[in-house]
Amino acid sequence: MAQTSDLPEEALPRAQALIRDRNYTIGSTPHFRVHSDDPRLDTKKTAELLESFRQYFEADWAAFPGRKTDDAPAQFFLFYSRFKYSQLGGPQFRETGVSAPGHYNTQADIVAIHTDTVDVGNLPDLLIHETTHQLTHITLLGPGTYGSPWLMEGLAEYYGNMKRSPKEGFQPERFGDKGVALFRDGPKSGPQIRSDELRQYKKELSKGIAAPVEVLVNMRDPGQFLSDGLLQRYTASWMLVHFLMQGEGGRHREGFARYIAQEAAGVSGATALYEALGIDAAALQTAFEDHVKHL
């Protein structure tokens, strides 16, 4: 489970110091620097995966109003050592964040991941999830702006669960693996689809016991979002973004972009979403549930 983290700016020099040992390697592309002490990891392939995703993300949001650019390489620290990973943010991080295998630090603009917490097949999806946090924060919302939990996690899950083919690239209409092996030995990285959670969410929707979209969108407190029931909220956020990006022939994409621009300006919540989409609460809920039912 990944989440945005507000660790201190000192996290960057601390990460640079902690990651260096006899197994230290770095893989670089124009927009990414991947540091790791994991001897199993191919940092060059990892950076290339992230670079391919950035190209896709930027093309996906090329028409976004007020889109920002930042060509400074993003710093990714992939720790094999759990002890080093736990030291990254000091006592507060160890108490509140170490259970999550990955974090995006908005203040220092770095991503940290504990590779040994993540299954071989799950790492590419987690990397895309965290890269989405980074790109959303930098290019869509802007530094110093924090998106609603459903928006940040929904976008990260949308792209993180998206299938990627080495030949055809990212395929937004499909869920699946990333078609890449990031470890030098062992099986090829496979799919990480939260299929069990999605099936459960469909059941809850059909029984009328899932929280309405309005409740999810009005939730601004990350602590509340990450409390009991967070798996349902992650799944619901993923499905809501999937609907807004792909549902009904993509007719809501422009409205969704308008809503994200409002979040960048400090305006959020269900009322703002309805206005941006030009739809009321009942119509959105009905269309959303129909979309999820047919996935």
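The values are calculated or read from the model by the stated rules, or taken from the named source; none is laboratory data. It should be emphasised that the depicted structure is a prediction, and the values quoted were computed from it without experimental measurement. Positions of Cβ are generated from backbone atoms using ideal geometry, with glycine treated the same way; all protein chains shown enter the neighbour counts.
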Exercise for review: Mind counting the residues in the range 222-253 that are assigned to a loop (DSSP other than H, G, I, E, B), out of contact with any strand residue (DSSP E or B) (no Cβ under 7 Å at 6 or more places or on another chain) and in contact (Cβ under 8 Å) with a residue 24 or more places away in the chain?
Suggested key: 1
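Taking the options Phe57, Phe53, name whichever one is buried (at least 18 other Cβ atoms within 10 Å of the Cβ), out of contact with any strand residue (DSSP E or B) (no Cβ under 8 Å at 6 or more places or on another chain), at pLDDT 95 or above and not acidic (Asp, Glu).
Working: Phe53 fails: out of contact with any strand residue (DSSP E or B) (no Cβ under 8 Å at 6 or more places or on another chain).
Residue meeting the stated conditions: Phe57.
Filtering the range 204-221 down to residues that are assigned to a loop (DSSP other than H, G, I, E, B) and hydrophobic (A, V, I, L, M, F, W, C), which residue is surrounded by the most Cβ atoms within 10 Å (Cβ to Cβ)?
Looking only at the range 204-221, we keep the residues that are assigned to a loop (DSSP other than H, G, I, E, B), and these are 208-212, 218-221.
Within this subset, residues satisfying the condition of being hydrophobic (A, V, I, L, M, F, W, C) are 209-211, 219.
Values: Ile209: 9, Ala210: 21, Ala211: 13, Met219: 19.
By that ranking, first place goes to Ala210.
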Study note, to complete from the structure: Checked against (1) farther than 23 Å from Val241 by Cα; (2) at pLDDT below 90; (3) in contact with a Leu (Cβ under 7 Å, 6 or more places away or on another chain), Ala112 satisfies every condition except (2)
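Could you say which residue among Asp177, Asp196, Asp185 is without any contact (Cβ under 8 Å) to a residue 12 or more places away in the chain and surrounded by fewer than 22 Cβ atoms within 10 Å (Cβ to Cβ)? Outline the logic, then answer.
Numbers: Asp177 fails: without any contact (Cβ under 8 Å) to a residue 12 or more places away in the chain; Asp185 fails: without any contact (Cβ under 8 Å) to a residue 12 or more places away in the chain.
After ruling out the rest, the residue left standing is Asp196.
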Check your understanding: What are the residue pairs meeting all of these: first residue in the range 118-141, first residue without any contact (Cβ under 8 Å) to a residue 40 or more places away in the chain, second residue small (Gly, Ala, Ser) and surrounded by fewer than 24 Cβ atoms within 10 Å (Cβ to Cβ), Cβ atoms under 9 Å, and 6 or more apart or on different chains?
Key -> Thr136/Gly147
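For the range 101-133, enumerate the residues that are of a type in the set (Gly, Ala, Ser) and surrounded by fewer than 23 Cβ atoms within 10 Å (Cβ to Cβ). Outline the logic, then answer.
Here is the first cut: in the range 101-133, the residues of a type in the set (Gly, Ala, Ser) are 102, 108, 112, 121.
Within the range 101-133, Ala108, Gly121 meet the criteria.
Can you pull out every residue in the range 36-78 that is among the β-branched types (Val, Ile, Thr) and part of a loop (DSSP other than H, G, I, E, B)? Explain how you work it out, then say what you get.
Within the range 36-78, the subset among the β-branched types (Val, Ile, Thr) is 43, 46, 69.
Thr69, the sole residue that qualifies.
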